Amino acid sequence: MMSMIAILTGDIKNSSEHKASKWLPLLKQALARYGKEPIDWEIYRGDSFQLQTIPENALEAAIYIKASIKQIRHMDVRIAIGLGKKNYEAPKITESNGPAFVNSGQCFENLKKQNLGIRTSNKKFDEQINLLLELALLTMDNWTPAISKTVKCAMENPGMNQKELASLLNKSQGNISEELNKAGFDEVKKMIQFYNNQLAQL
């Protein structure tokens with residue numbers, strides 16, 4: 001029996017208004033944090049991407065990718081998370097398939113105004129998490145480049161306190177505190193924790 005996987009399907013918003021040389025390295029670096037190209041992730045059609053990871057990492061990965069891309073002003077990302085099985089493993093992620101891919105694709109097609117969504121075979125789970133995401137996006141969609149950079153750094157260094165993050169980013173501790181506060185970072189972490197707790201019961 002194959003265990004559940006997570007497939008993230010996404011695209012870059014406003015990509016045509018920015019040079020790819022600005023955002024593409026950020027996207028590649030973010031995806032590479034969660035796997036190897038092209039078996040785990042691939043960028044296709046210029047500004048679309050797919051990433052396979054374990055379900056426990058899926059929401060964190062989506063938020064990390066968002067923080068990476070939003071370091072560039074007026075840029076954002078749309079991501080659909082699909083959880084399920086994988087029936088066929090190809091050398092390239094974009095050629096593999098299974099329910100996780102179907103869920104991710106259908107979720108992506110339904111992302112109209114919302115930039116982040118999830119779909120599994122459990123309707124109740126989806127409703128709960130998508131409501132949380134909708135609320136979280138009210139804050140996350142408004143992250144500035146400076147806030148996004150601080151969030152990304154905090155996610156990369158979960159063991160660091162604000163003072164250590166401040167020296168890493170050449171900012172004052174007050175700056176870091178204010179930016180993480182505006183980012184709703186504590187709440188984002190609680191949401192990821194809640195997602196993982198619910199996931200364990202699926």
Neighbours by Cβ (under 8 Å, 6+ apart or cross-chain): first from the stretch 71-90, closer than 16 Å to SER104 by Cα and touching a residue at least 12 places away in the same chain (Cβ under 8 Å); second of a type in the set (Lys, Arg) and open to solvent by 50 Å² or more (accessible area, probe 1.4 Å): VAL77/LYS13; ARG78/LYS13; ALA80/ARG119; ILE81/ARG119; GLY82/ARG119; LEU83/ARG119
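Just checking, does the stretch 73-95 include any residue being in a helix (DSSP H, G or I) and either of a type in the set (S, T, N, Q) or open to solvent by 30 Å² or more (accessible area, probe 1.4 Å) (or both)?
Let us first name the residues in the stretch 73-95 that are in a helix (DSSP H, G or I), namely 93-95.
Restricting the remaining residues to those that are either of a type in the set (S, T, N, Q) or open to solvent by 30 Å² or more (accessible area, probe 1.4 Å) (or both) gives 94-95.
For the stretch 73-95, residues in a helix (DSSP H, G or I) and either of a type in the set (S, T, N, Q) or open to solvent by 30 Å² or more (accessible area, probe 1.4 Å) (or both): present.
So, GLN29, is that one surrounded by 19 or more Cβ atoms within 10 Å (Cβ to Cβ) and either in contact (Cβ under 8 Å) with a residue 12 or more places away in the chain or of a type in the set (Asp, Glu) (or both) or not?
It is false that GLN29 is surrounded by 19 or more Cβ atoms within 10 Å (Cβ to Cβ) and either in contact (Cβ under 8 Å) with a residue 12 or more places away in the chain or of a type in the set (Asp, Glu) (or both).
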Can you tell me how many residues within the stretch 43-70 are touching a residue at least 40 places away in the same chain (Cβ under 8 Å), under 15 Å from the mean Cα position of the chain (by Cα) and over 25 Å from THR139 (Cβ atoms)? 3
Kindly evaluate LEU168 against the criterion of being open to solvent by 50 Å² or more (accessible area, probe 1.4 Å), more than 14 Å from the chain's Cα centre (by Cα) and closer than 18 Å to VAL77 by Cβ. no
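The values are calculated or read from the model by the stated rules, or taken from the named source; none is laboratory data. Quantities reported herein were computed from a predicted structural model and do not represent experimental measurements. Backbone-built Cβ (ideal geometry, glycine too); neighbour counts: all protein chains shown. Just so you know, the surface numbers come from the protein's heavy atoms only, side chains and all, with ligands and any DNA or RNA stripped out. Shrake-Rupley method; radii C 1.70, N 1.55, O 1.52, S 1.80 Å.
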